[in-house]
Structures are given as C-alpha cells and as structure tokens.
Amino acid sequence: MSDHIRTRHDGGVLEVVIDRPKANAIDLATSRALGLIFRDFRDDPALRVAIVSGAGEKFFCAGWDLKAAASGDAVDGDYGVGGFGGLQELRDLNKPVISAINGICCGGGLEIALSTDLILAAEHATFALPEIRSGTVADAASIKLPKRIPYHIAMDMLLTGRWLDVHEAHRWGFVNEVLPAERLMERAWELARLLESGPPLVYAAIKEIVREAEGSTFQTAMNKVTKRQFATVDRLYSSEDQLEGARAFAEKRSPIWKGK
C-alpha cells in the first residue's frame, strides 16, 4: 500500500498513522494510498471506528508536500478516491473518525483533521493555514472552517496564516479535548472503544443527516428524515437494531448491536 502509512486494527477499531519524516507531509502517492485505506475502512462491516494520527512527537501532518510539488507533483493532480489525505471527498463515509493531533497540524493536515468527527490534541499541538504565504488557497478549509468556528476567526487564519496554540483552538471549538502528550493515543483508543460499542446504523444515519443537512434548509432535511429519504435512515428504521434498542430499554439491559 505505502511505506509511509502504518495501520493496525484491533476489534472494530482501525488506527492509521501517517509516517513520512520529517513533517508527515503528503504527496500524491501517499494521498492515493490513504484514500484506499479509508475506502476499505468504509466498506468493511467489521470495522466501526477509525483513528488517524501522525508518527513522531512533532508533527501530525504539515499538509501538502511542497518539495514533491517542486519535483513535479501537480497541486491539482490525482489525489485518489478520497481526495486529499483520503478523507476530504470520500463519499458515504458513515462511520466515526477520530483525529489524534500529536503536534504541528497545518495546511492540508488541518484540512484532514477538519474531515474527521472528533479532534483530540496534545498540549503542544499547534494549528495554522499557511497557504497564503506560498501563494495558494486552503481550498477545503475555506469551505469548512467558517462553518465550524466563528467567521472572523476563520478568516483571520485564512487571510494571515497565523498560528493558534491548542488552547485557543479548543476555545474556538474545533478541538474536543486537550491532553498531555503521553495520554493522547490512550484517550483516542478509549473514545474509539466507546464508539465501537455503540449502534453503527445510528452512527451512519447521524453522519448522513449532518452531511446532507449542510446544504439544505432545516425543513427540507427534516422532511427527508421523516419520509425515510436518506438511505441510512431507511435502513435504520427497518433494522433489527432498531427493535433491539427498544427491547433493551424495556428490559433494562444493555443492547446488543448487530449492525443489521
């Protein structure tokens, strides 16, 4: 697959580590490999949650590899099935993904983090969108970031390329938890285990509703839910898991989710 990506899975949890010294920057080949990994994660019913992190203690991911670009990688080249970093444009990824930010998270690295559902960060993590300084645009971040944090803070980051420390990132709400570096992956796995034990069909419905509602009015999205026009909602409402949830509640026991 790639010498620059390490994966391991335990039960229903997949861990993906970007390992491209020195800065875990991503070239076209690495992006394509990540896309295949996350596509297979999406399509494997045995896998329920993914964690993405970077190797080492300094960088999560520095984003687009400018050295590779200088050597011929086109900025608008073939990033693979999931777009840049394997996640940004991967269709129908209806499973939870956690990012564990273990250091510098900038440019496309921050865009990868914004493509995940939960962001945990070490106390020394920092964040920036420095594309402005290299004469290019942080395209995915320009779309996503103003929807995640206050507009003026997002525009400050996009227009100036300034760095945020982890506590400011947490204050603006795009980091869920700040942790000592030695606790980061332990906490990521704790959270992944919690999600692994939950109802996969409900997670899928939540992710599709949230994703599709971004471009809809409230009432349009609600009508699609109530009329079962989302594929994940229709599947959930016809599932054994839907009945199991109600039975478990009535019987005062923990539900056993089968994902069907």
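The values are calculated or read from the model by the stated rules, or taken from the named source; none is laboratory data. None of the values given here were measured: they were computed from a predicted structure. Cβ atoms come from the backbone with ideal geometry, glycine included; neighbour counts cover every protein chain shown. Ligands, DNA and RNA are stripped out before the accessible areas are found, and what is left, the full protein with its side chains, is counted by its heavy atoms. Shrake-Rupley method; radii C 1.70, N 1.55, O 1.52, S 1.80 Å.
Residues in the range 160-173 that are open to solvent by 30 Å² or more (accessible area, probe 1.4 Å) and outside any helix (DSSP H, G or I): Arg162, Trp163, Asp165, Gly173. Tell me, which residue of the range 207-219 that is open to solvent by 90 Å² or more (accessible area, probe 1.4 Å) and either under 26 Å from the mean Cα position of the chain (by Cα) or at pLDDT below 90 (or both) is nearest to Pro45 (Cα to Cα)? Only one residue tops the list, namely Val210. Counting the residues of the range 24-67 that are in a helix (DSSP H, G or I) and within 17 Å of the chain's Cα centre (by Cα) gives 14. Filtered by the rule that a residue be open to solvent by less than 50 Å² (accessible area, probe 1.4 Å), in contact (Cβ under 8 Å) with a residue 40 or more places away in the chain and farther than 22 Å from Met185 by Cα, the range 1-47 gives Asp27, Leu28, Ser31, Ala33, Gly35.
Given the structure, is Gln242 in a helix (DSSP H, G or I), farther than 30 Å from Ala122 by Cα and either at pLDDT 90 or above or open to solvent by 70 Å² or more (accessible area, probe 1.4 Å) (or both)? The answer is yes for Gln242. Remark: Asn176 matches the filter, which requires a residue to be open to solvent by 30 Å² or more (accessible area, probe 1.4 Å), among the polar types (S, T, N, Q), within 28 Å of Ala205 (Cα to Cα) and modelled with pLDDT of 95 or more.
With respect to Met222, determine if the residue is over 20 Å from the mean Cα position of the chain (by Cα), farther than 30 Å from Gly109 by Cβ and assigned to a helix (DSSP H, G or I). Criteria met by Met222. If you check Gly80 against the conditions, is it open to solvent by 20 Å² or more (accessible area, probe 1.4 Å), touching a helix residue (DSSP H, G or I) at 6+ places or on another chain (Cβ under 6 Å) and under 16 Å from Ile5 (Cβ atoms)? It is true that Gly80 is open to solvent by 20 Å² or more (accessible area, probe 1.4 Å), touching a helix residue (DSSP H, G or I) at 6+ places or on another chain (Cβ under 6 Å) and under 16 Å from Ile5 (Cβ atoms). How many residues does the range 225-239 hold that are open to solvent by less than 80 Å² (accessible area, probe 1.4 Å), in contact with an Asp or Glu (Cβ under 9 Å, 6 or more places away or on another chain) and not small (Gly, Ala, Ser)? Residues meeting the conditions: 3. Applying the set (1) under 27 Å from Pro150 (Cα atoms); (2) surrounded by 17 or more Cβ atoms within 10 Å (Cβ to Cβ) to Leu201 leaves exactly one unmet item: (1). For the range 210-237, a residue qualifies if it is within 26 Å of Val16 (Cα to Cα) and touching a residue at least 12 places away in the same chain (Cβ under 8 Å), and exactly one does: Thr232. Report yes if Gly85 is open to solvent by less than 10 Å² (accessible area, probe 1.4 Å), in contact with a strand residue (DSSP E or B) (Cβ under 8 Å, 6 or more places away or on another chain) and on the phi > 0 side of the Ramachandran plot, otherwise no. Yes. Residues of the range 112-156 that are within 17 Å of Glu214 (Cβ to Cβ), outside any loop (DSSP other than H, G, I, E, B), open to solvent by 10 Å² or more (accessible area, probe 1.4 Å) and not basic (Lys, Arg): Asp139, Ala140, Ser142, Ile143, Pro146, Tyr151.
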